[in-house]
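Here's the structure we're looking at; comments come further down.
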Amino acid sequence: MKTIKFILFLFISANCFGQSISELINKVDGSGLEVMLKEFSGEISTVVNGSTVTILNRQSHQNDISKDYLVQKLESFGNLSVTSDAYSTNGTNVIATQTGSKNPNEVLVICGHYDTVTNYCADDNATGTVAILEVACVLSQYCFDNTIQYILFDEEEIGLLGSKHYVTNFSSSQNLIGAINLDMMGYDKDQADDAPIHVRDK
Ligand SMILES: [Zn+2]
């Protein structure tokens, strides 16, 4: 939850107008977030494409249901253009775009991977995935100067294939001005109740 609020603060302070930071932070739905985490890591069943399913496994060769879950969720927010980029036989990135009102070609990315190495995998990386869904749910209700893309990458666990495809094919007419990647948000190795943030230059 702390990390989600921090992300909202970053985006809002850089781009938003007409609403307060606290207003948006207060829209984060902790109980809804927990439900999505349980659904996406197979702890409870959910409904995808009209059928009741359990998302037990999200390994890249068998994660079609989880991909459809993401598309369904992002489309339900109502203000995003959602696409599935099937870049290979097993690889599909899910991309939701919120076009900026003033600078549509300036793109901020918030991303994470949704594939796994085995069953369940709530930490790696259902936590980051559902955090992105929650951030998209909140921010999609508002207007921003720059474009925001919420991206769930596939095949991270077998060599960052989804994100490499995205970067390789990034449009030359657009400018990638920043990216926040969320991975293993539930992992607290030292029990310090904090959220490590790693940064890199360009
Ligand atoms: Zn991971």
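Bear in mind that the values in this text are calculations on the coordinates, not laboratory data. Computed from a prediction, not measured in an experiment: that's the story for all the values here. Here Cβ is always computed from backbone atoms with ideal geometry, including for glycine, and neighbour counts include all displayed protein chains.
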Report summary line: FRET efficiency for Ala122 and Lys102 from the Cβ-Cβ distance with R0 = 30 Å, rounded to 0.05, comes out at 0.20
Query - Amide N proximity, the stretch 87-110 versus Thr168 label position 7 Å along Cα-to-Cβ, cut-off under 11 Å - result: 87-88
Query raised in the report: For the stretch 172-187, in order, what is each residue's ³J(HN,Hα) by Karplus, 6.51 cos²θ - 1.76 cosθ + 1.60 with θ = phi - 60°, in whole Hz (x at glycine and Pro)?
Result: 5, 7, 10, 10, 7, 9, x, 8, 10, 10, 10, 9, 6, 5, x, 8
Query - Gain on full stretching of the segment that runs from Tyr187 to Ile44 - 0.36 nm per residue minus C-alpha separation - result: 49.4 nm
Requested in this report: List the relative contact order of the chain as a percent without decimals, with contacts defined as Cα pairs under 8 Å and 6+ residues apart.
Outcome: 24
Requested in this report: Given the peptides 37-43, 151-157, arrange them by the average over their residues of other C-beta atoms within 10 Å, most packed first.
Outcome: 151-157, 37-43
Query raised in the report: Which peptide among 181-194, 105-118 comes first, and what is the full order, when sorted by highest mean count of other Cβ atoms within 10 Å?
Result: 105-118, 181-194
Query raised in the report: Once Lys and Arg get +1 and Asp and Glu get -1 on their Cβ, which of Leu74, Tyr120, Thr46 lies farthest toward the positive end of the dipole of the chain?
Result: Leu74
Query raised in the report: Taking the Cα centre of each part, how many Å lie between the stretch 57-123 and the stretch 128-202?
Result: 11
Report task. Classify the stretch 64-173 as rounded, prolate or oblate, taking a ≥ b ≥ c as the square roots of the eigenvalues of its Cα gyration tensor: rounded when a/c is under 1.5, otherwise prolate if a/b is larger than b/c and oblate if not. Result -> oblate
**Report entry** Gyration tensor (alpha-carbon) shape descriptor, the chain, a/c threshold 1.5
**Finding:** rounded
Query raised in the report: Can you count the Lys pairs in the chain with C-alpha separation below 27 Å, eight or more apart or on different chains?
Result: 25
Query raised in the report: What net charge do the residues around Ser60 carry, taking every other residue with its C-beta under 13 Å from that of Ser60, with Lys and Arg at +1 and Asp and Glu at -1?
Result: -4
